[in-house]
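What follows is a single structure, written as structure tokens, with notes after it.
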């Protein structure tokens, strides 16, 4: 939840940067960078306080078992104390993506992932620090990615704010928050929906929980490609909007949708063929428990694999609109996703049993697409048409 909110805010700020970069407005880019840094610092402090205060109430809402609650509280306390680190990484990565450098954030993520694995083994297995060690390993790994991005940005004077750029102006601050807050709210409300799903899942027993969790771990890997397409579309669209190149935006959207459909279809087919051995990596227990858990996990994975194109198209459409500066439509798609997910997860099990939860997820994606598709069509026909007219009159 906290990560989604932070990503939404910083990605919203990067839209302004990408537009100024595309327009070749270096002064405007410096201002956007400076304001984004100050606003991010203030929001990091605020989010740290809010999420630290919310730990116990949220665990109570989720009905976390008492025997694991102390460790869970400790883990979350440590993670939430590192919110400024998470904000710093996401801001620096967004700044780099805004000027077209997606390679550095990718390398930083890979370094962080590798560091996290090594530090987990060191802190937990060697030092015996337990759950606290796992949380500390995550924060240190994230800090390493911050340092990597920071030293890259040091070489890019284009992203160096001047002293005057760090003094907040009401107008520009308002524009940045209007871009960032809807995206943060969109991610926040989607996370709330996932929490509601998790609470309901807890009532279906240990085997079902294990199967559902195994599939979601694999799903997290699958979503990386979709998220990457989203980052690319935000930057591409924002830069070309700033450069007043509506034709490129249309072509980019078309290409993005085609690539998303091809990628998701191929990945879906691979998962259906190799799903069971892959899921087995995340499942443990007795032979009977593994068999039952694997059956549940593979059934869920099969449904998600067939519907994966819906998710990938969602990311492309949502990010294109965000790059155009329209953060309201994506936010509304997040509301639709939340409504579909919570509504279906509460109603479908009444007719389909536990299987209804599986369909709730893909129906949530569909609900979001039903908002995004007409929004994109309207943007192409009206907003970009105006850009075409403006370009012809230059």
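Laid out as a table, the results:
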{"read-out": "Residue in the stretch 315-322 that is surrounded by fewer than 22 Cβ atoms within 10 Å (Cβ to Cβ) and out of contact with any strand residue (DSSP E or B) (no Cβ under 7 Å at 6 or more places or on another chain) present", "value": "no"}
{"read-out": "Residue match in the stretch 322-339 (condition: touching a helix residue (DSSP H, G or I) at 6+ places or on another chain (Cβ under 9 Å) and more than 24 Å from residue 229 (Cα to Cα))", "value": "yes"}
{"read-out": "Evaluation of residue 50 against (1) surrounded by fewer than 21 Cβ atoms within 10 Å (Cβ to Cβ); (2) part of a helix (DSSP H, G or I); (3) in contact (Cβ under 8 Å) with a residue 12 or more places away in the chain (one fails), failing number", "value": "(3)"}
{"read-out": "Any hit, the stretch 231-243, residues being outside any helix (DSSP H, G or I) and either surrounded by fewer than 17 Cβ atoms within 10 Å (Cβ to Cβ) or out of contact with any helix residue (DSSP H, G or I) (no Cβ under 9 Å at 6 or more places or on another chain) (or both)", "value": "yes"}
{"read-out": "Residues that are within 30 Å of residue 309 (Cβ to Cβ) and part of a helix (DSSP H, G or I), drawn from the stretch 270-291", "value": "270, 271, 272, 273, 274, 275, 276, 277, 278, 279, 280"}
{"read-out": "Residue 96 vs. criteria out of contact with any strand residue (DSSP E or B) (no Cβ under 9 Å at 6 or more places or on another chain), part of a helix (DSSP H, G or I) and crowded, with 20+ Cβ neighbours inside 10 Å", "value": "yes"}
{"read-out": "Options 291, 284, 302; residue that is surrounded by 16 or more Cβ atoms within 10 Å (Cβ to Cβ) and outside the structural domain of residue 18 (by TED's automatic domain parsing)", "value": "302"}
{"read-out": "Among (1) within 18 Å of residue 186 (Cα to Cα); (2) modelled with pLDDT under 95, the one test that residue 366 misses", "value": "(2)"}
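The values are calculated or read from the model by the stated rules, or taken from the named source; none is laboratory data. Note that the structure is predicted; figures quoted are calculated from it, not measured. Positions of Cβ are generated from backbone atoms using ideal geometry, with glycine treated the same way; all protein chains shown enter the neighbour counts.
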